[in-house]
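The block underneath contains the structure these notes are about, expressed in C-alpha cells.
The values are calculated or read from the model by the stated rules, or taken from the named source; none is laboratory data. Note that the structure is a prediction, hence the values are computed from the model and not measured. Here Cβ is always computed from backbone atoms with ideal geometry, including for glycine, and neighbour counts include all displayed protein chains.
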Amino acid sequence: MLIKKQDELKELLILKALDARWQLDEKTRNRLFRLESGLEGEADFLAALEKSEWNALFFADLKLKIHFSSVQIDAMAISRKTIHLFEVKNFTGEYYYSNGHLFMKNEVEVKNPLHQVQNIEIAVRQQLKSWGFDYQIIPWVVFVNPEFVLTQSIRTDPIIFPNQIEKKLKELGVHSFVSREDRELAQRFMALHDSKLSFIEIPPYSKAALKKGLTCRSCNQIGMTVKDKTCFCPWCGMRESMYCTLLEASRDFSLLHPGQKLTVAAVSDFCGKKVSKQAIRTALMKEYQLVKNGRASYYV
C-alpha cells in the first residue's frame, strides 16, 4: 500500500526553467541530468513496489529532520516489524568497488550509496529509539538501470541489481503482513515528513538577463510560436494548447522570481509579449486566485 508518493522536485523544476532561459555551467547541467535520471529511477522502483505482492506500507521521497540532521529517503517499506530502507540509483555504464570506494570505469570516484544508506539507517534507528519502537532495519542499495554493471563488489553487500528487483521484492513479500503497530509507525513518519526541507543547489543568475519567450515542455527550448489558441515548437514539432503553455510559463516565472508577485504584466513580459494579456488573464483566473488591488492586482 502506497502511503506517500514522490514529491514534486522543486530543484529540478527550477533548473529546467533556468536551463531554457540561462546559460548553465557544465557542473549545474550535470546536476540537472542526475536529478532527472534519479527521479526517473525512483519512479520506476516505486512502480515495481506497487506492482509487487509485498504486503507492506510504502513511502517515496521522505524528508525527515532527525536530531538536527536532514535525511532524505528515496523509498521505505514497513512490514512485520521491519523497516526496509532503499537508496535508489539510476546509474548507467561500468563501475567498480575498491577499498570501500565506488569508481566509474574512467577511475572517477562517486559517492558510495552504501555509505549513504548506512547513514540513513543510523538516523532512523535514533528516531525509532526516541519513539520507543523496537524494529529491525534493513538497508538496501537498488540499481534500477539495466545498462549498469558493477564489478568487485562483495556478495554480502546489501545490493539489488536491475535483474534481481522483481525476484527480491517477491521474496520480501512472502508471509508479509501489516500490523497495527506498523500503521502507527507509518503515521509517525508521515507526521515527521517535511516537504519544505531544502536540498536545493541553485546557481546565481540575473533575473533581468533571462531569455524571454514561451518554452516547449517537450524539448525545453524557448521560442514556441502561437497561432489562434495553439502553441507550436519549431524545434521538435510539439504542439499544445496555449492555456497549458501559459500555465507552464506562469509556474516558471514564480520559480525564477521568488518573492515577486504573479501579475498579468509580469507573465506577459516573461513570455516575450507573444500572447495577449487577455489570454494570460484568462489562464491565470482558471488556475490561481485573484487578489484585487486595482492596477496592482496579483494572483496566488
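For the stretch 174-204, a residue qualifies if it is modelled with pLDDT under 95 and either charged (D, E, K, R) or within 30 Å of CYS233 (Cβ to Cβ) (or both), and the qualifying residues are ASP194, LYS196, ILE200, GLU201, ILE202, PRO203, PRO204.
Please tell me if ASP19 is crowded, with 16+ Cβ neighbours inside 10 Å and closer than 29 Å to PHE270 by Cβ. Answer is yes for this residue. Counting only residues that are surrounded by 18 or more Cβ atoms within 10 Å (Cβ to Cβ) and at pLDDT below 95, how many does the stretch 65-94 have? Total satisfying the criteria: 1. In a residue-by-residue description of the stretch 94-103, the property of being under 21 Å from LEU2 (Cα atoms) and not in a strand (DSSP E or B) applies to no position.
Would the stretch 115-123 turn up any residue that is in a helix (DSSP H, G or I), over 24 Å from the mean Cα position of the chain (by Cα) and surrounded by 10 or more Cβ atoms within 10 Å (Cβ to Cβ)? Checked against the condition, which is being in a helix (DSSP H, G or I), over 24 Å from the mean Cα position of the chain (by Cα) and surrounded by 10 or more Cβ atoms within 10 Å (Cβ to Cβ), the stretch 115-123 yields no hits at all. Checking each residue in the stretch 43-79 for being in contact with a Phe, Trp or Tyr (Cβ under 6 Å, 6 or more places away or on another chain) and among the charged types (D, E, K, R) picks out only ASP74.
If we only count strands (runs of 3 or more DSSP E) wholly inside the stretch 206-278, which ones have 1 or more residues that are in contact (Cβ under 8 Å) with a residue 24 or more places away in the chain? Steps first, answer last, please.
On the way: elements: 225-227, 230-232, 239-241.
Per the criteria, 225-227.
For the residues PRO139, PRO203, the requirement of being in a strand (DSSP E or B), under 26 Å from the mean Cα position of the chain (by Cα) and not β-branched (Val, Ile, Thr) singles out PRO139.
Can you tell me which of LYS168, LYS196 is on the phi < 0 side of the Ramachandran plot and part of a loop (DSSP other than H, G, I, E, B)? It would help to see each step written out before you state the result.
Values: LYS168 fails: part of a loop (DSSP other than H, G, I, E, B).
Of the residues listed, the single one that is on the phi < 0 side of the Ramachandran plot and part of a loop (DSSP other than H, G, I, E, B) is LYS196.
On the stretch given as the stretch 177-207, residues that are out of contact with any strand residue (DSSP E or B) (no Cβ under 8 Å at 6 or more places or on another chain), within 17 Å of ASP134 (Cα to Cα) and either surrounded by 13 or more Cβ atoms within 10 Å (Cβ to Cβ) or of a type in the set (D, E, K, R) (or both) total 4.
Applying the criterion of being touching a helix residue (DSSP H, G or I) at 6+ places or on another chain (Cβ under 8 Å) and assigned to a helix (DSSP H, G or I) to the residues of the stretch 34-64, the residue that is surrounded by the most Cβ atoms within 10 Å (Cβ to Cβ) is PHE45. Checked against the criteria, GLY272 does not count as at pLDDT below 95, closer than 19 Å to ALA209 by Cα and small (Gly, Ala, Ser). Within the stretch 98-118, the set of residues being out of contact with any strand residue (DSSP E or B) (no Cβ under 7 Å at 6 or more places or on another chain) and touching a residue at least 24 places away in the same chain (Cβ under 8 Å) comprises SER98 only.
If you go through the stretch 1-31 and keep only what is free of Cβ contacts under 8 Å to residues at least 24 places away in the same chain and either among the aliphatic types (A, V, I, L, M) or over 25 Å from VAL110 (Cα atoms) (or both), you end up with GLU8, GLN23.
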